[in-house]
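The values are calculated or read from the model by the stated rules, or taken from the named source; none is laboratory data. Note that this is a predicted model, so its numbers are computed, not measured. Please note: Cβ atoms are built from the backbone with ideal geometry, for glycine as well, and neighbour counts cover all protein chains shown. Remember, those area values only see protein heavy atoms, side chains included, never the ligands or the DNA or RNA. Shrake-Rupley method; radii C 1.70, N 1.55, O 1.52, S 1.80 Å.
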Amino acid sequence: MKIIVGGCGNIGENLLQSLTYEGHDVVVIDSSAEVITEITNIYDVMGVCGNAADYETLESAGIKQAELFIAATGSDELNMLSCFLAKRMGAGHTIARIRNPEYNDASLGFMKHELGLAMSINPEALAARELFDILKLPSAAKVDTFSGRSLEIIELKIKEGSPLDGITLKELRATYKAKVLVCTVQRGEEAYIPGGDFLLKAGDKIGITASHTEIGNFLRRVGLMQKQAKKVMLLGGGRTSYYLAKMLTAGGSSVKIIEPDHALASELSQTLDGVVIINGECTNQELLLEEGLESADAFVALTENDEANILISIFAESQNVPKIITQVSRHGMGKMATRLGIDTTISPKKIVSDVLIQYARALENSLGSSNIETLYKLMDGKVEALEFNVRQHSKVTDIPLKDLSLKPGTLIAGIIRGRKTIVPGGLDIIAQGDRVIVLSSGERLSDLTDIVK
């Protein structure tokens, strides 16, 4: 599929890596000749130097043949204008990155309709939603939701002395009467789709799927349930902090933001009701202690500096803060943070990449028997979790799951039928109209039928 990407900042470059890996024919537009040279040397893409909202530039990039145009420059207005032009010039579908909080839901809906946008993407709002889900369930390192939040996959790190250390999955089900499925395990650099005899060990990162209620019941039974974070300290007052603070205060949590820039701190104090804004240096340990770090339920480092986020998170860990989340943007910094003992990291550009890859794959398979509704990367990107909407009967429907010959490294992790959430067993079937959650540790899936040999 031909895809044109306007803008090669952090989001654009991360997206290019994913799109080229998926095998798409990608053309990049950027106003910097130096950036174009660097990108085309690293990735198998064609580059066009110019303004993404310029007619001749879009024509040179082949906009008439493009099935998808993604505008990811640093300007919301430029992104919207370039999508408008791209659509008028013949692009099949257009997506714009729109980040400014001033563009609220009502105005966004109007602009999407008038500009012909297939989707608008707000990295910071998406990151804030993921952070909010984790802070509601602090035992998890990651929380991904499917089908209107009917089913969740959470990631947990098994620590020394945990009741999950040294137990097989069969024993876990029998001992704790758990209506959950341990669907994936990361051990070191390897990721597994485990069977019933798989033995869990300290240091493993595991993925558990079930309804929100059943996951909560399971965590309580094994003694790993942490209370919802009600007293939260945020480091950095950027857009992610803004969106997250609004969500947290609406949910009844108290929020304190530390922001070094006086003008931004003043602006936040006027726009965020009920949030305490402290104008001070983010890395000042004495300031953090004075502002109650030791009594916080959660600490979230959201500055633009990865190193500062990691270092101050380590300090928060030394103060026994129950839940610590660290934002990392640069490639490889997430692994460094994990090696330094930080269990939960977040990367807005990776979240955006997942959403756009999901859209591209669904667009590519628009005539298939199922459509991709959701896609997440789990276990540091080694496993994909996909939600398929079963649109018509196919070779996987109305057959007991035990009789389906699944490809190695694939697992049916959940079935949502109406309002019913099913953790599937061998006698369950997939029916037309179901939403099916599938995990894959290597196979690229575009249609539900891709899971069978």
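A few comments on the model shown:
- Accessible surface ranking for His331, His93, 1.4 angstrom probe, highest first: His331, His93.
- Residue order by solvent-accessible surface for Val355, Val27 is Val355, Val27, largest first, with ligands and nucleic acids left out and a 1.4 Å probe.
- Count, lysine Cα pairs under 30 Å in region 349-453, 8 or more residues apart or across chains: 23
- Figure note: Arg220, Arg444 ranked by solvent-accessible area, largest first, 1.4 Å probe, ligands and nucleic acids not counted: Arg220, Arg444.
- Lys407 - accessible surface, heavy atoms, 1.4 Å probe, Å² rounded to 10: 50 Å²
- Among the trypsin sites (Lys or Arg not before Pro) in region 302-340, those located in a DSSP loop and surrounded by at most 15 other Cβ atoms within 10 Å of their own Cβ are Arg330.
- Gain upon complete extension [Thr168, Asp261; 0.36 nm per residue less C-alpha separation]: 28.4 nm
- Loop sites in region 254-291: GluC sites (Glu not before Pro), DSSP, at most 15 other Cβ within 10 Å: Glu281
- Residue pairs, from the table Lys112/Lys335; Lys177/Lys205; Lys177/Lys201; Lys179/Lys246, whose Cα atoms sit over 30 Å apart: Lys112/Lys335; Lys179/Lys246
- Considering only Val48, Ser107, Ser82, the residue lying farthest towards the positive end of the dipole of region 40-113 is Ser107, judged by Cα position with unit charges set on Cβ.
- As a rough guide to protection, the peptides 273-279, 71-77 ranked by mean Cβ packing within 10 Å, highest first, stand as 71-77, 273-279.
- Where the chain is the region considered: accessible area per residue in Å², 1.4 Å probe: 43 Å²
- Rounded to 5, the percent of DSSP beta bridges in the chain classed as antiparallel: 50 percent
- Lys/Arg +1, Asp/Glu -1 at C-beta; the chain dipole; positive extreme among Val276, Pro322, Leu386: Leu386
- Summary of the geometry: region 151-172 and region 271-290, compared by the centres of their Cα atoms, lie 36 Å apart.
- Region 1-135, accessible surface, carbon-and-sulfur percent (1.4 angstrom probe): 48 percent
- Only Cα pairs under 8 Å and 6+ residues apart enter the sum, and on that basis the relative contact order of the chain stands at 11 percent.
- Length-normalised contact order of region 404-453 in % [C-alpha pairs under 8 Å, at least 6 apart]: 49 percent
- When the chain is described by a simple charge dipole with +1 on each Lys and Arg Cβ and -1 on each Asp and Glu Cβ, the residue from Gly418, Thr73, Ala250 located farthest towards its positive end is Gly418.
- Value at 222 nm in deg cm²/dmol, rounded to 500, when DSSP H runs of n ≥ 4 in the chain each add -39,500 (n - 2.57): -10000 deg cm²/dmol
- Region 19-122 - Rg (one decimal) and Dmax (whole number), Cα, Å: 13.7, 42
- Dipole magnitude for region 208-322: computed about the Cα centre from +1 point charges on Lys and Arg Cβ and -1 point charges on Asp and Glu Cβ, it is near 780 debye.
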